[in-house]
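Notes follow once the structure below has been shown.
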Amino acid sequence: MQKEQTQSPWSWIPSLYFLQALPYVVVMTLSTIIYKARGIGNDEMAFYTSMLYLPWVIKPLWSPLVELFSTKRTWTVVLQLIIGISLVVTGFAMQLPNFFIISIAVLWVMAFASATHDIAADGFYMLGLKEHQQAAFVGVRSTFYRIATIAGGGVLAWLGGELTKRTGDAGFAWSVVFFVLAGIFIALFAYHAYRLPRPADDKAVVVTDNTAKEFVATFVSFFKKPEIWLILGFILTYRLGESQLLKMAIPFMMDPAAKGGLGLTTEQVGLAYGTIGIIALTIGGLLGGYFISRVGLKRALWPMVFAVHTPDLIFVYMSSTLPDSFVLITACLAIEQMGYGFGFTALMMFMIMVSQGEHKTAHYSICTGLMALGMMVPGMYSGRVQEFLGYQNFFIYVCLMTLPAFLMAALVRIDPEFGKKTPE
């Protein structure tokens, strides 16, 4: 038992966060590419794929159940199997005439399983690491999360586009993509069933007659935190601009110049945005985790706020000039993604800071649910706003939507020592 408790975090954090990312990438990125490539309009696509955020928004409602019943390890492994099966079903749905409605329904189920998996996996992360390790490994988990993003939104997006071009059958092509994803997921599920450690603190809360009161108390204790309104404001506004840019970035890249887009193919989007862009984002995430571990979250906050938001101006530039150089487009996307990766680390560590204390798993889940709410609602209407404004004015509007995040960064209070690596 002692050997399992002290095994290197490198033996499980990379694979755990690789798997955590895959269903999220499928729901939020790959589905956008698929539906855009198969002729679904921006408004309809943005609305329904944004609705898939709902499980991540409301997951705090059942997050205490993960603490009350069984261990975080058991929840994590079982949910990975369920997600793998969902990917197989989605693969079959891709070949049906009414693939859009059926695939959305299956992805909805997978999203619920994935959101619950996030609760368990993030709780497992906090139980298995010391505070300074949590800060240091933020970059590592982000790295492998982004590697999964490259696999799901880059390599497999390229594969889907290439198979569609060669076979002329989009349904078959995207079915293959989902079957490959399912194979990866189920293989790593089997690895985790054997390899995940068993921390001594990973155990279910004892269920008593006061279980219902404990369930409610978990939420009450979160909303009684000092300066809770500043906490809520920071989490809800930090990604306000990005929540809308994210939904329209791929349609902008794939639409022809006549519609104000860049006219890239599915394969080019997979390479420029889903692969090179995510590599840049990963590098930014690693630098962000290292920066916080050296100077602490408080000192790192303002550089990170600027890093995550000011690169949005790159989309204003591209929508104004419509460059036809693939190399230039790729370089612009890489700069924007690196800044985002660096700056997003601040939000992750802020949520970890807010979650410290009793019920840290459930409280972190509430934080991530609030973050998802801040992504879902603006994303739902982003397609309609873009169709009304056009791409150039839409990206200017996105830049204006980042201003509340700067205001909240000026108001929020952070422990100067939090996140900074200290001697053992």
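The values are calculated or read from the model by the stated rules, or taken from the named source; none is laboratory data. Keep in mind it's a predicted model, so treat the numbers as computed, not measured. Positions of Cβ are backbone-derived with ideal geometry, glycine not excepted, and every protein chain shown enters the neighbour counts.
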**Message:** Suppose the filter is of a type in the set (A, V, I, L, M), within 14 Å of Phe418 (Cβ to Cβ) and part of a helix (DSSP H, G or I); does Ile329 pass it?
**Reply:** no
**Message:** Of all residues being touching a Leu at 6+ places or on another chain (Cβ under 8 Å) and not aliphatic (A, V, I, L, M) in region 214-233, which is modelled with the highest pLDDT? Just the residue, please.
**Reply:** Gly233
**Prompt:** Quick one: in region 406-418, which of the residues that are hydrophobic (A, V, I, L, M, F, W, C) and in contact with a Lys or Arg (Cβ under 8 Å, 6 or more places away or on another chain) is modelled with the lowest pLDDT?
**Reply:** Phe418
**Item:** Thr368 being within 24 Å of Pro60 (Cα to Cα), hydroxyl-bearing (Ser, Thr, Tyr), modelled with pLDDT under 85 and under 18 Å from the mean Cα position of the chain (by Cα)
**Value:** yes
**Asked** Here are some conditions: (1) among the hydroxyl-bearing types (Ser, Thr, Tyr); (2) crowded, with 18+ Cβ neighbours inside 10 Å; (3) within 21 Å of the chain's Cα centre (by Cα). Thr310 meets all but one. Which one does it not meet?
**Response** (2)
**Request:** Run down Leu79, Leu96 and say which single residue is out of contact with any Leu (no Cβ under 9 Å at 6 or more places or on another chain) and crowded, with 17+ Cβ neighbours inside 10 Å.
**Result:** Leu79
**Complete:** Counted residues in region 273-307 being within 19 Å of Tyr391 (Cβ to Cβ) and either at pLDDT 90 or above or surrounded by fewer than 23 Cβ atoms within 10 Å (Cβ to Cβ) (or both) come to 0
**Request:** Might you check whether a residue that is closer than 17 Å to Gln356 by Cα, in contact with a helix residue (DSSP H, G or I) (Cβ under 8 Å, 6 or more places away or on another chain) and at pLDDT below 85 occurs anywhere in region 202-209?
**Result:** yes
**Item:** Condition met for Met351 (within 30 Å of Glu44 (Cα to Cα), touching a helix residue (DSSP H, G or I) at 6+ places or on another chain (Cβ under 6 Å) and modelled with pLDDT of 90 or more)
**Value:** no
**Request:** Collect the residues in region 23-41 that are surrounded by 22 or more Cβ atoms within 10 Å (Cβ to Cβ) and farther than 16 Å from Ile83 by Cα, keeping them in residue-number order.
**Result:** Thr29, Thr32, Ile33, Ile34, Tyr35
**Prompt:** What number goes with the only condition from (1) surrounded by fewer than 23 Cβ atoms within 10 Å (Cβ to Cβ); (2) in contact with a helix residue (DSSP H, G or I) (Cβ under 8 Å, 6 or more places away or on another chain); (3) farther than 23 Å from Leu127 by Cβ that Ser382 does not pass?
**Reply:** (1)
**Item:** Number of the condition not met by Arg73 [criteria: (1) without any contact (Cβ under 8 Å) to a residue 24 or more places away in the chain; (2) touching a helix residue (DSSP H, G or I) at 6+ places or on another chain (Cβ under 8 Å)]
**Value:** (1)
**Message:** Looking at region 11-22, can you tell me whether even one residue there is surrounded by fewer than 18 Cβ atoms within 10 Å (Cβ to Cβ), over 26 Å from Val385 (Cα atoms), over 19 Å from the mean Cα position of the chain (by Cα) and at pLDDT 85 or above?
**Reply:** no
**Request:** Sort through Met353, Met348, Met376 and tell me the only one that's touching a residue at least 60 places away in the same chain (Cβ under 8 Å), surrounded by fewer than 22 Cβ atoms within 10 Å (Cβ to Cβ) and under 18 Å from the mean Cα position of the chain (by Cα).
**Result:** Met376
